[in-house]
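This report concerns only the one structure given below.
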Amino acid sequence: MSYLRTAILLAGLTALFMGVGYLIGGPDGAIIAFFVAAAMNFFAYWNGDRIVLSMHGAQEVDEQTVPELLHIVADLAHRARLPMPRVYVIDNLQPNAFATGRNPAHAAVAATTGLLNMLSADELAGVISHELAHVRNRDTLLMTVTATIAGAISMLAQFGMLFRGGRRDRNGGIGAIGTLLMVVMAPLAAMLVQMAISRTREYAADDMGARISGNPEALASALAKIDAAARRIENISAEQNPATAPLFIINPLSGARMDNLFSTHPSTENRIAALGRLEVQMGLARSGGRREQAGPWD
């Protein structure tokens, strides 16, 4: 199913890319955009994780540099029956984290310095478990490729605005409408494609992550702290690359976090409530004498 979702998503984003190309250069522009999009899809599949990590200035770390973090990731990856991912740290005061990579064998987990400084060990384990759940569900391929292509659509739309602006005398009113569609509708459509899958995947990763760590309460506490801090602390690299926002555990952008059509994530309050219900379920399972499973794959 993950491969089908990825194929549908790439087809939709490719169609958007071709549409912008058509508005810029007509049929020839659409054909050129198709081949460019095909090349970008291939490149994003193999190199999207490196692109995203580079956008945020992530630096790979090891046991000599951040031993506590590496031990947490290694323990949780073992519980989740995943290969040990590469671990990165982002020098950013905003507490946040994301995972990337085309599959579990080529995954990476990135955490900001703000996250490492703010959370307790249990809360940090909850966040890492959430990110490993994305790896387990293969969300990382879907969202990394989406972020790369959606960002390219926005850049192409901006180029189209400049291109159309220089030809205003030749295109008249239709040119102005085309410019408006490129600048506003194309990036908006790309964002909506991202949002269509981002919200449900966060709930699923919260649930699986809490089962991996065995501590829904710690993850809920971490979400509350990250959300409150993200409202106050700007994430400059995310603001410069907004297409990558859905990758993060909490929306890193300065916009409102309402649980509506245009939000990159479900509301934190709803996610915490869902984790509270899971905590009750896990408590009932333990009190009933049955071992709570570490995850649905056991």
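Within the range 9-47, being among the hydroxyl-bearing types (S, T, Y) and under 20 Å from the mean Cα position of the chain (by Cα) holds for T14, Y45. When you scan the range 5-31, how many residues do you find that are crowded, with 18+ Cβ neighbours inside 10 Å, modelled with pLDDT under 75 and aliphatic (A, V, I, L, M)? Adding up the residues that qualify gives 7.
On the given criteria, is G160 modelled with pLDDT of 95 or more and small (G, A, S)?
Considered against the rule, which asks whether it is modelled with pLDDT of 95 or more and small (G, A, S), G160 comes out as no.
Hey, among the residues in the range 22-67 that are of a type in the set (V, I, T) and touching a Ser or Thr at 6+ places or on another chain (Cβ under 8 Å), which one's farthest from L124 (Cα to Cα)? Let's see the steps before the verdict.
Initially, the range 22-67 is screened for residues of a type in the set (V, I, T), giving 24, 31-32, 36, 51-52, 61, 65-66.
Keeping just the survivors that are touching a Ser or Thr at 6+ places or on another chain (Cβ under 8 Å) gives 51-52.
Working: I51: 25, V52: 22 Å.
Ranking the qualifying residues of the range 22-67, first place goes to I51.
Being closer than 21 Å to N137 by Cβ and either free of Cβ contacts under 8 Å to residues at least 12 places away in the same chain or in a loop (DSSP other than H, G, I, E, B) (or both) is the filter here; which residues of the range 222-251 pass it? Of everything in the range 222-251, those that are closer than 21 Å to N137 by Cβ and either free of Cβ contacts under 8 Å to residues at least 12 places away in the same chain or in a loop (DSSP other than H, G, I, E, B) (or both) turn out to be I249, I250, N251.
Checking the condition basic (K, R), more than 20 Å from the chain's Cα centre (by Cα) and either surrounded by fewer than 17 Cβ atoms within 10 Å (Cβ to Cβ) or over 18 Å from L141 (Cα atoms) (or both), which residue from R50, R79 passes?
R79
Go through the residues of the range 121-136 one by one and say whether even a single one is under 20 Å from A238 (Cβ atoms), polar (S, T, N, Q) and modelled with pLDDT of 95 or more. Within the range 121-136 (the criterion being under 20 Å from A238 (Cβ atoms), polar (S, T, N, Q) and modelled with pLDDT of 95 or more), the answer is no, since none of the residues qualifies. Inside the range 32-56, residues that are at pLDDT below 80, within 29 Å of N235 (Cβ to Cβ) and among the aliphatic types (A, V, I, L, M) make up a count of 3.
The values are calculated or read from the model by the stated rules, or taken from the named source; none is laboratory data. Predicted model, so just to flag it, every value in this text is computed and none were measured. Cβ: placed from backbone, ideal geometry, glycine included. Neighbour counts: every protein chain shown.
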